[in-house]
1. For ASN78, indicate whether it is surrounded by 15 or more Cβ atoms within 10 Å (Cβ to Cβ) and not in a strand (DSSP E or B).
2. Residues to consider are GLU109, GLU38, GLU117, GLU10; find the one that is farther than 29 Å from GLN226 by Cα, acidic (Asp, Glu) and touching a helix residue (DSSP H, G or I) at 6+ places or on another chain (Cβ under 8 Å).
3. Within segment 134-156, count every residue that is touching a strand residue (DSSP E or B) at 6+ places or on another chain (Cβ under 7 Å) and either under 14 Å from PRO47 (Cα atoms) or β-branched (Val, Ile, Thr) (or both).
4. Just for segment 158-167: of the residues that are surrounded by 13 or more Cβ atoms within 10 Å (Cβ to Cβ) and not aromatic (Phe, Trp, Tyr), which one is farthest from PHE50 (Cα to Cα)?
5. Of all residues in segment 164-210 being modelled with pLDDT under 95 and of a type in the set (S, T, N, Q), which is nearest to the chain's Cα centre (by Cα)?
6. Please give the number of the condition ASP96 fails out of (1) of a type in the set (Asp, Glu); (2) over 21 Å from the mean Cα position of the chain (by Cα); (3) closer than 13 Å to ILE17 by Cβ.
7. I'd like the full set of residues that are within 17 Å of the chain's Cα centre (by Cα) and without any contact (Cβ under 8 Å) to a residue 12 or more places away in the chain, limited to segment 106-136.
Amino acid sequence: MSNIVLLNSEEHKTLKIRTEYSAELGDGQRFVPVVLNEFQFLVAHYPLLFSKDAGTGAFYCGAVLGFDEGENLFLGENDVWRPLNLRRMPFYIAGDEVAIDLAHPRVGERGEAIFTEAGEPSQFLAATVGALREVRQGGETMQEFIATLLRLNLIEPLDVTLAFDDGKRQLQGLYTINRDVLAALEDAEVLDLFRRGYLQHIHFMIASLRQIANLANRKNHLLLRQSEGLAQR
């Protein structure tokens with residue numbers, strides 16, 4: 001259960017944050033919400049797709065990190081861009097203030113200090129606050145981006161079935177850019193997308209589809225290692 005409170009330099013002066021990339025620390029997620037400003041980094045590693053919020057039905061954009069529930073095929077790798085929504089944890093923005101989830105597994109007595117001995121924000125906290133602001137501002141920009149795509153009928157369901165050593169996986173409930181509709185847009189609409197910076201992000205999403213095959217290779221290598229481990233027992 002979460003225990004989110006406002007960050008306080010007196011009460012939380014000695015707290016530290018573990019920054020390793022692991023499922024134990026909350027990184028075991030197969031689909032993570034992302035913002036437009038990180039597309040340029042994410043496209044080199046992950047498929048970038050849309051999904052719908054289970055509660056509201058509203059579209060949001062995320063990076064696919066795995067195929068099965070709770071699966072992140074990039075754990076333990078330090079040379080990949082970790083989505084901001086993973087890197088910011090266990091911190092949140094609460095109005096104009098920063099909050100922390102004291103029950104989060106990253107919070108403890110070892111790792112990066114939140115405050116200096118003088119009670120000032122550490123460099124780590126300053127960088128994390130920057131990430132938090134990017135996530136909040138990026139969320140508003142993302143809503144505008146998605147609203148524009150919907151108005152132009154540029155979002156379509158993705159239908160992909162992949163075969164693995166232990167069976168098939170189907171990417172369900174995910175959406176991508178409709179390239180046929182994109183190609184048929186009027187020149188004025190394309191120019192508007194370009195001037196708003198959206199056209200570049202649309203092409204990032206299209207280019208990211210090639211990462212589905214790379215993600216499948218990661219999954220097969222994981223299954224192979226698991227089967228080899230069982231064979232050695």
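1. no
2. GLU38
3. Counting residues in segment 134-156 that are touching a strand residue (DSSP E or B) at 6+ places or on another chain (Cβ under 7 Å) and either under 14 Å from PRO47 (Cα atoms) or β-branched (Val, Ile, Thr) (or both) gives 2.
4. Looking at the filtered set, the residue picked out is LEU162.
5. GLN172
6. With respect to (1) of a type in the set (Asp, Glu); (2) over 21 Å from the mean Cα position of the chain (by Cα); (3) closer than 13 Å to ILE17 by Cβ, ASP96 is out only on (3).
7. GLY130, the sole residue that qualifies.
For (1) surrounded by 12 or more Cβ atoms within 10 Å (Cβ to Cβ); (2) at negative phi, each residue gets a yes or a no:
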position: THR56; (1), (2): no, yes
position: GLY62; (1), (2): yes, yes
position: PHE74; (1), (2): yes, yes
position: GLY95; (1), (2): no, no
position: LEU102; (1), (2): yes, yes
position: PRO105; (1), (2): yes, yes
position: THR116; (1), (2): yes, yes
position: SER122; (1), (2): yes, yes
position: LEU125; (1), (2): yes, yes
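The values are calculated or read from the model by the stated rules, or taken from the named source; none is laboratory data. This structure is a prediction, so every number in the text was calculated from the model and none was measured. All Cβ positions, even for glycine, are placed from backbone atoms using ideal geometry, and neighbour counts span all protein chains on display.
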